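Undergrad: A single structure is presented below for examination.
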Amino acid sequence: MTAMEDMMPLMTRASERTAAVVRAVRKDQFGCPTPCAKFDVRELINHLEWVAEMFESLGRKGPRTEQGPYTGDFSERAERTLAAWARPEAWEGSSAAMGLPMSTLGHMYLVDMVVHGWDLARATGQEYEPDPEAVARAMRFTDQMVEMGRQRGAFGPPVAVLDDTPPFDRLLGIIGRDPTWTP
């Protein structure tokens with residue numbers, strides 16, 4: 001099985017679940033805090049828009065993009081990202097813009113979708129059940145990349161969780177989220 005065949009179903013399900021959460025956010029929730037301390041709800045949606053735009057560009061072997069203003073089009077951007085990564089050539093080689101293998105970038109996108117979907121759902125009182133396969137894959141990847149993620153500011157200090165905690169809560173703890181966070 002190729003990286004594309006392996007990852008695209010996971011990326012698609014994670015994008016769809018996060019897009020459903022984004023669509024259900026009300027404008028009066030935009031100023032609410034999120035578990036991702038540097039963002040309120042509106043800023044987190046804007047960050048997700050940028051993540052989708054950037055990973056679309058990277059999937060087409062383009063440059064790293066800068067975050068623009070909030071536009072309210074995350075779902076459309078995520079669809080374009082998935083279309084870019086659905087091409088076999090998207091998975092070949094490394095990204096000149098990021099200096100990382102393309103398969104690593106695909107995993108980074110997956111982690112962003114899974115975790116930020118939870119951040120947004122938790123902040124807005126929505127139910128969120130990540131795909132267990134996506135969580136398992138994100139956990140394996142994060143275990144390997146957590147120190148680099150912390151150095152680059154993508155992950156915070158670890159949050160202690162019990163050994164018998166569900167896998168998704170362990171993932172959250174590893175990257176610096178408190179699984180028990182409430183607004």
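The values are calculated or read from the model by the stated rules, or taken from the named source; none is laboratory data. Computed from a predicted model, the values in this text were never measured in an experiment. When we count neighbours, we look across all protein chains shown, and the Cβ atoms used for this are built from the backbone with ideal geometry, even at glycine. Just so you know, the surface numbers come from the protein's heavy atoms only, side chains and all, with ligands and any DNA or RNA stripped out. Shrake-Rupley method; radii C 1.70, N 1.55, O 1.52, S 1.80 Å.
Undergrad: Once every Cα of the stretch 1-80 carries one equal point scatterer and solvent is ignored, give the base-10 log of I(q)/I(0) from the Debye formula at q = 0.27 Å⁻¹, two decimals.
TA: Treating every Cα as an identical point scatterer, log10 I(q)/I(0) equals -1.34.
Undergrad: Let me know the volume per residue of the alpha-carbon convex hull for the chain, in Å³.
TA: Dividing the Cα hull volume of the chain by its residue count gives 109 Å³.
Undergrad: Right, another one. In the stretch 82-113, which residues have a backbone nitrogen under 19 Å from the label point lying 7 Å from Glu76's Cα in the Cα-to-Cβ direction?
TA: Residues passing the 19 Å test: 82-85.
Undergrad: With a point put 7 Å past each Cα toward its Cβ, work out how far Asp178 is from Ala83 in nm, to one decimal.
TA: Label at Asp178, label at Ala83, 4.2 nm between them.
Undergrad: So if each residue of separation counts as 0.36 nm, and I subtract the Cα-Cα distance between Met148 and Asp164, what length gain in nm does that give?
TA: Net length gain for the segment: 3.2 nm.
Undergrad: OK, next. Where only protein heavy atoms count, and the probe is 1.4 Å, what is the accessible area per residue for the chain in Å²?
TA: About 48 Å² of surface per residue is accessible.
Undergrad: A further question follows. Of the GluC sites (Glu not before Pro) in the stretch 82-158, which ones lie in a loop per DSSP and count no more than 10 other C-beta atoms within 10 Å?
TA: Glu127
Undergrad: Let me ask something else about it. Tell me, what % of the accessible area of the stretch 125-164 is carbon and sulfur with a 1.4 angstrom probe?
TA: Summing carbon and sulfur atoms, their accessible area is 52 percent of the total for the stretch 125-164.
Undergrad: How about the stretch 32-113: which trypsin sites (Lys or Arg not before Pro) there lie in a loop by DSSP and see at most 12 other Cβ atoms within 10 Å?
TA: Lys38, Arg64
Undergrad: Explain nothing, just the number: dipole magnitude of the chain about its Cα centre with +1 on each Lys and Arg Cβ and -1 on each Asp and Glu Cβ, in debye rounded to the nearest 20.
TA: For the chain, the charge dipole is close to 360 debye.
Undergrad: Pull out the extension gain between Arg60 and Ala136, defined as 0.36 nm times the separation in residues minus the alpha carbon to alpha carbon distance; nm, one decimal.
TA: Between Arg60 and Ala136, full extension yields 24.7 nm more.
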